Structures are given as structure tokens and as C-alpha cells.
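Heads up, the thing below is written out as C-alpha cells.
Derivation of every value follows stated rules applied to the coordinates shown; laboratory data play no part. Just so we're clear, the structure is a prediction, and the values are computed from it rather than from any experiment. Glycine gets a Cβ as well: all are built from the backbone with ideal geometry, and neighbour counts include every protein chain shown.
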Amino acid sequence: MMTNYIYQVGGSLSKYAPTYVTRKADIELYQALKKREFCYILNCRQMGKSSLLVRTYHQLQQEGFKCATIDMTNIGSENITPLQWYKGIVTDLWRSFKLIGKFQLKKWWQELGDISLPQKLSQFICDILLVEYPTENICIFIDEIDSILSLDFAVDDFFALIRYCYNQRTINPEYNRITFAIFGVATPSDLIQDQKRTPFNIGKAIELHGFTLEEVSPLATGLKVKQGNAETVLKEILAWTGGQPFLTQKLCDLVVKISHDTATEILTIPRGNESFWVESIVRTKILHNWKYQDEPEHLRTIQNRIEYYQDRAGRLLGIYQEILEGKEVKVDDSREKSN
């Protein structure tokens, strides 16, 4: 029955979500991490980064990897000290790797004495993780890395530690078993001040693009139709969303809800009129009075970001204008285009 096929608008999709769309990035990230390459996925919001993280996390676990996720927003970024920040990372790893009860974190931390905070994190990786899991491959997923932009202190040493773990592979083979994947809305230049210490020139950048028609074809499963053609409807949806994951899921969801006012559970679309029918839904349910229909919030988030960054508002609006005029906008590492 189609009632089990639910389009999810916003939030991370579970590993079993039938509406998850597998992209080229899924394959690239999975294969790179299996080879224990350092990876980073830095992209704009609502592009499916967290869902990609969840899916890859579970894939690697099935392959025998020991995995952990650090959500930087959970650690905090406002009114937090370097001590609290680094200790928060270690605590998250301690919990994620199920080390509670195996050793006393508080006692271990105190016994390290006055060594630097990055060194304490380094010691945790070397003396705890690699020892507790002597044969398994270890992957640490770091999500919402852009939250560090709100910190009152620089964390270049944190990225230097990631680079250190990579460089140690030639000295200590045990470090070949540990790798990192970094996710967030940022550019490498946003995250660190000292470019000579960046891990991004040794890692693998995973590009995350919108859905292509070929990739998104499984979503037609939920678009059961009567007279009309599900694949054509999906093509029209993609023409409006450009493959943007959030908007694609939302428009699929709207199509289903609007078409299921009857009890038939079958979309009634006159064949040949799919384009007009999808356009009418976009204009009435998304564009018209958009501020009041923007649930879950998406367009208002874009508006708020433009208004918040007053110094960049003109450049941002200029980019939007070029897009509206159908001009090609070349992607670069500027903050305006990455956000």
C-alpha cells in the first residue's frame, strides 16, 4: 500500500526511508571512507548532508567499522570556553563509542594534568580508541562543523590534529585505522585561519549536487496516478525544484496530499496536463503568500540569512538576480555562494 510511502520534508532521513535518493556522492563517500580517506562535505543547507551522513554511517557499521558522530551544535558555540569545547568532543566520543563503564573519563582527564587541550583529545584517540578497538577501522563523522564560526576562540589546533592523525600513518600504522568525515555549511577558508595547517588539502572533497532525473526516479513510487503519468509528474517537479532535495520532497508531498482529497489513493491527473497541474500547485501552495505557507521553514530561512548579513546582502541578491535571469553562476569558495 502507498500509505507506507511518505515523503519527508526536512530533517535527516532514516537508513530505511523509502524516499531516500541515492546520488553519486553516496557512492563516492562510502568508497572513500572504506579506503580510510579523509573526507569533507561542505555545501549549502537543505542539500541532504545529514541524511547522507546517516546512510553512510550505517553502511560502514555493517562493514564492521566502529563509527561515531559528533554534532557540533550539541557541544555549543556561544559562551563556551576552550576547555568545555574540547571536553565536550571527548565526552561525545566516549559515549558514542560505548566506553561508559570501561574507564572513568573524569579521572583519566585529570590524570593527564596540564597538557594542552588538543593534546588531550589526541591522547584519547591514540591511547583509548585505538587501544579499545585494536583491530577495527574507526570513522568519526563531524556534523554541523560551521557552528565553530560562532566560537570566541580559534580552533585551528583541532584541524591540525586531524592532519596529524593523517600524517602519523607513515610513522604509526595504527593510525591507518582511523579516519574523519566533516560535514557543514562552510568553505575551508571559513573554518581555519592558518591555511598551512588545513586538513582540506589532504582530504577528499565530496561534491553534493541536486537530484538528477535518473537518480530521483524511485520517488515516482509514491506518485500513483490515474490517467496521468507518474514519471512525467516527477519530471515536472524536478523542473521546478532543480533537484534541490528539500523542495523536491516537499513538492512530491504536496502533490500527493492535494491529489488524495478523495478516498481513492490514486492521483487524478488528465494525461498531457501534468505540467500545468504541477505548476498550479507550485504557484498556489508555495509561491502565493509564501511567508505563510513556508512550513517547514525554508524560504524564510533564506530571507533571514540575507537580512542578517547586511554587509553581504547586495552580493547575495545579485547572485539571486543572475539565477532568475537564467545566467550561469560559477561556483567558487566565496561565502555568498556556499551559503
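Using alpha-carbon pairs under 8 Å, 6+ residues apart, how would you state the relative contact order of the chain in percent? Mind showing how you got there, number by number?
Details: 432 pairs, mean separation 78.2, N = 339.
Worked out over the chain, it gives 23 percent.
So which chymotrypsin sites (Phe, Trp or Tyr not before Pro) in region 147-182 pass both tests, a DSSP loop state and at most 12 other Cβ atoms within 10 Å of the Cβ? Walk me through the intermediate numbers first.
On the way: sites: Phe153, Phe158, Phe159, Tyr164, Tyr166, Tyr175, Phe180; in loops: Phe153.
Those that pass, being in a loop and sparsely packed, are Phe153.
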*Hey, what D do you get for region 24-205 in µm²/s if you plug the Kirkwood alpha-carbon radius into Stokes-Einstein at 10 °C and 1.306 mPa s?*
95 µm²/s
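Return the calculated 222 nm mean residue ellipticity for the chain, to the nearest 500 deg cm²/dmol, obtained by summing -39500 (n - 2.57) across DSSP H runs with n ≥ 4 and dividing by the residue count. Let's see the in-between values first.
Details: 16 runs with 144 residues, N = 339.
The helix-only estimate for the chain comes to -12000 deg cm²/dmol at 222 nm.
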*Quote the relative contact order of region 24-205 in percent (integer), defining contacts as alpha-carbon pairs under 8 Å separated by 6+ residues.*
36 percent
*What lysines could a cross-link reach from Lys87, if we take a straight Cα to Cα line under 17 Å and drop same-chain neighbours fewer than 8 places away?*
Lys98, Lys106, Lys107, Lys120
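Quick one: compute a quarter of the convex hull surface over the Cα atoms of region 64-126 and quote it in nm². List each step's numbers first, then the result.
Working: hull surface 19.4 nm².
Mean orientational projected area (region 64-126, Cα hull): 4.8 nm².
Using a Förster distance of 56 angstrom, determine the FRET efficiency expected from the C-beta separation of Ser275 and Asp114, and round it to 0.05.
Once rounded, the FRET efficiency stands at 0.25.
So which of Lys24/Lys66; Lys24/Lys235; Lys224/Lys285; Lys257/Lys291; Lys24/Lys291 end up more than 22 Å apart, counting from Cα to Cα? The partial results should precede the final answer.
Numbers: Lys24/Lys66 24 Å; Lys24/Lys235 19 Å; Lys224/Lys285 20 Å; Lys257/Lys291 20 Å; Lys24/Lys291 34 Å.
Distance filter (> 22 Å) returns Lys24/Lys66; Lys24/Lys291.
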_Linear extension gain, Arg95 paired with Thr135, 0.36 nm per residue minus alpha-carbon span_ = 12.4 nm
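Using a Förster distance of 35 angstrom, determine the FRET efficiency expected from the C-beta separation of Gln31 and Phe103, and round it to 0.05. List each step's numbers first, then the result.
Details: r = 34 Å, r/R0 = 0.98.
Efficiency at R0 = 35 Å is approximately 0.55.
How many Å³ per residue does the convex hull of the Cα positions in the chain occupy?
Details: hull volume 55.9 nm³, N = 339.
Cα convex hull per residue, to the nearest whole number: 165 Å³.
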*Per residue of region 11-18, in order, report the coupling 6.51 cos²θ - 1.76 cosθ + 1.60 (Karplus, θ = phi - 60°) as ³J(HN,Hα) in whole Hz, putting x for Gly and Pro.*
x, 6, 7, 6, 5, 9, 4, x
*Among Gly76, Gly314, Gly242, determine the one that fluctuates most according to a GNM of the chain built with springs between C-alpha atoms less than 10 Å apart.*
Gly314
_Under 19 Å between alpha carbons, and skipping anything fewer than 8 positions from Lys15 in its own chain: which aspartates and glutamates qualify?_
Asp26, Glu28, Glu63, Asp71, Asp143, Glu215
